[in-house]
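Colleague: Quick one: this structure, given as structure tokens, is what I'll be asking you about.
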Amino acid sequence: MPDDAAPLPPFLDLIDQASSAGDRLAGLRANARMRYLASGWPHARTESWKYTSLNPLAAEQFASAGHGDTPVLPARPAIDGPRLVLVNGMVRPDLSDLGDLGPGVRATRLANGADPDVGALASIIEETDSTDGLPLAALSTATIRDGLVIDIAAGTVVERPLHVISVACGEGVALAPRIVIRAGADSVASVLETHTADGSGFANAVCQVTLGQGAVLGHYRVQDQPDTSFHVGLTEVRAGGRSRYDNFVLSTGSRLARNEIRGRIEGSGAEYRVNGAYLGAGTQHLDTTTFIDHAAPGSTSREVYKGVLTDRARGVFQGKILVRSVAQKTDGYQMNRAMLLSGRAEVDSKPELEIYADDVRCSHGATVGELDSEQVFYLQARGIAHEAARRLLVAAYVDEVLDEIRSEPVRQAMGQVARDRLGRVIGMPGEGRA
């Protein structure tokens, strides 16, 4: 617990409201409350939050989300696959295709599931070695009411992507969506997460992923909440030997959003890919923070993120690769690129390597630039209008990183979301003014 002089972190009222529910998650919430108080609220001296101030979030007032009305589910990303819907962090069987998951796939509710060891489902968060204690994840667990657990049996091949849709329903609500994905040995599956809202609020989402030996999982995420909302999302991954993890995050919405992915490669021969794009306009603040822990020999990781920022939008990229002494023969690659379409847009980029093995191949880099005026002129010289030329070039820039997505249907669906967003923000009145 913090000393008497330390200020209490915000949102304790949300924890108290959640604690009033005497359900099977009560012990989990109580332990998380203690971790939250011990960690404290991130501030300017918290290294992993150095570039993202949470003061605007802490200044807001939110109410604990109820079950909510029945929302209008988003039309995009449009994908052919069974839907699993959470409204205000609670699973809605009436809106979900629970009977269409196919053999070897099971989806259960955390609030009333059959698993007697509820605490085990949060072990990834509780046992994290993060230096800042992941206070927002602890807050999420301390306010959890329900969650979705997806189990994929060993050897199962899931033909269609599973589409998990998390909707914030109502104005000024706080919700804690929780998703647990457990992929059995040698299974093959894809999961697409969509986070959206029909009002303003604060979504504090956590996803825990475990991959067994030889499992192959495509795990994709779209954050498209209204620009007045707040979104903090953490994904924790444990990858077993010979597993393949393909992740892509498209971040387009929220006033302030943070996408954090922490992965630990625990077995040899694993392939770990975390890629994404962030598209910001207005006064949006979009933060991407990643951590890849190579804790076994002979594994590979690849990380490519691209950003497009206009108006006064700000992007943050913090990416760290840790190679432990046992992780010989590691091959790690990391790159962040950002395109600024306005003189007032900005980006902070902090790539980092920490290597304790001597037989590795690792590299990282970061580039920030404007749209190439010569390329624009080249297209104009061939009869393409100035704004159309800009749109074509920016779209091609984003399409390049979308090509990192290995699932064809997911790539097409995410591409449409990205094009819709770019169509709304590129060429907006006032862009580029001093």
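Colleague: Evaluate the following for V368: is it over 30 Å from H163 (Cα atoms) and either outside any helix (DSSP H, G or I) or of a type outside the set (A, V, I, L, M) (or both)? Spell out the reasoning first.
Modeller: Details: over 30 Å from H163 (Cα atoms): yes; either outside any helix (DSSP H, G or I) or of a type outside the set (A, V, I, L, M) (or both): yes.
Yes, satisfied.
Colleague: Looking only at region 223-240, count every residue that is in a loop (DSSP other than H, G, I, E, B) and of a type outside the set (V, I, T) and tell me the total. Steps first, answer last, please.
Modeller: Taking region 223-240 as the starting set, the residues that turn out to be in a loop (DSSP other than H, G, I, E, B) are 224-229, 240.
Then keep just the ones that are of a type outside the set (V, I, T); that gives 224-227, 229, 240.
So the count comes out to 6.
Colleague: Sticking with this structure for a sec: Can you confirm whether region 322-334 contains a residue that is surrounded by fewer than 23 Cβ atoms within 10 Å (Cβ to Cβ) and under 30 Å from P56 (Cβ atoms)? Give the derivation first.
Modeller: Applying the first criterion (surrounded by fewer than 23 Cβ atoms within 10 Å (Cβ to Cβ)) to region 322-334 yields 322, 324-326, 328-329, 331, 333.
Restricting the remaining residues to those that are under 30 Å from P56 (Cβ atoms) gives none.
For region 322-334, residues surrounded by fewer than 23 Cβ atoms within 10 Å (Cβ to Cβ) and under 30 Å from P56 (Cβ atoms): absent.
Colleague: Something else: Residue by residue through region 399-411, note down the ones that are assigned to a helix (DSSP H, G or I) and within 18 Å of the chain's Cα centre (by Cα).
Modeller: Initial filter on region 399-411 (assigned to a helix (DSSP H, G or I)): 399-402, 408-411.
The answer is V401, L402, V410, R411.
Colleague: Can I ask one more? What number of residues in region 339-364 are touching a Ser or Thr at 6+ places or on another chain (Cβ under 7 Å) and either of a type in the set (G, A, S) or surrounded by 16 or more Cβ atoms within 10 Å (Cβ to Cβ) (or both)? Give the steps one after another, and end with the answer.
Modeller: Our first condition is that a residue be touching a Ser or Thr at 6+ places or on another chain (Cβ under 7 Å); within region 339-364, this holds for 341-342, 345, 356-357, 360, 362.
Among the residues that remain, those that are also either of a type in the set (G, A, S) or surrounded by 16 or more Cβ atoms within 10 Å (Cβ to Cβ) (or both) are: 341-342, 345, 357, 360, 362.
Matching residues across region 339-364 total 6.
Colleague: Please state which one of P82, P9 is farther than 28 Å from V164 by Cβ and touching a Ser or Thr at 6+ places or on another chain (Cβ under 9 Å). Before you say what the answer is, go through the steps one by one.
Modeller: On the way: P82 fails: farther than 28 Å from V164 by Cβ.
The match here is P9.
Colleague: Let me confirm something: among A174, A197, A183, which residue is in contact (Cβ under 8 Å) with a residue 12 or more places away in the chain and over 14 Å from H231 (Cα atoms)? Please lay out each step first, then the result.
Modeller: Numbers: A174 fails: over 14 Å from H231 (Cα atoms); A197 fails: over 14 Å from H231 (Cα atoms).
That would be A183, the only listed residue that is in contact (Cβ under 8 Å) with a residue 12 or more places away in the chain and over 14 Å from H231 (Cα atoms).
Colleague: Now for a separate question. For residues that are under 21 Å from K329 (Cα atoms), more than 14 Å from the chain's Cα centre (by Cα) and in a strand (DSSP E or B), tally how many sit in region 241-290.
Modeller: Here the count works out to 6.
Colleague: Do you know which residues across region 359-372 are under 15 Å from L340 (Cα atoms), of a type outside the set (A, V, I, L, M, F, W, C) and at pLDDT 90 or above?
Modeller: Filtering region 359-372 down to residues under 15 Å from L340 (Cα atoms) leaves 366-372.
Next, from what is left, pick out any that are of a type outside the set (A, V, I, L, M, F, W, C): 367, 369-370, 372.
Once the filter is applied, which keeps residues that are under 15 Å from L340 (Cα atoms), of a type outside the set (A, V, I, L, M, F, W, C) and at pLDDT 90 or above, region 359-372 yields T367, G369, E370.
Colleague: Let me ask something else about it. So how many residues does region 291-341 have that are outside any loop (DSSP other than H, G, I, E, B) and not aromatic (F, W, Y)? Show your work before the answer.
Modeller: Let us first name the residues in region 291-341 that are outside any loop (DSSP other than H, G, I, E, B), namely 291-294, 300-309, 314-323, 331-340.
Among the residues that remain, those that are also not aromatic (F, W, Y) are: 292-294, 300-304, 306-309, 314-316, 318-323, 331-332, 334-340.
Within region 291-341, residues that are outside any loop (DSSP other than H, G, I, E, B) and not aromatic (F, W, Y) number 30.
Colleague: Mind listing just one residue for me: the one in region 171-199 that is crowded, with 22+ Cβ neighbours inside 10 Å and among the small types (G, A, S) and, of those, farthest from the chain's Cα centre (by Cα)?
Modeller: Looking at residues that are crowded, with 22+ Cβ neighbours inside 10 Å and among the small types (G, A, S), I get S187.
Colleague: Next up: Hey, among L340, L402, L379, L353, which residue is touching a helix residue (DSSP H, G or I) at 6+ places or on another chain (Cβ under 7 Å) and over 15 Å from N275 (Cβ atoms)?
Modeller: Just a single option satisfies the conditions, and that option is L379.
Colleague: Return the residues of region 150-164 that are under 30 Å from F11 (Cα atoms) and surrounded by 23 or more Cβ atoms within 10 Å (Cβ to Cβ); say none if nothing qualifies. Quick ask: steps written out before the conclusion?
Modeller: Step one: list which residues in region 150-164 are under 30 Å from F11 (Cα atoms), which gives 150, 164.
Once the filter is applied, which keeps residues that are under 30 Å from F11 (Cα atoms) and surrounded by 23 or more Cβ atoms within 10 Å (Cβ to Cβ), region 150-164 yields only V164.
The values are calculated or read from the model by the stated rules, or taken from the named source; none is laboratory data. Every value quoted in this text rests on a predicted model; they were computed, and no experiment measured them. For neighbour counting, all protein chains shown are included, and Cβ atoms are generated from backbone atoms with ideal geometry for every residue, glycine included.
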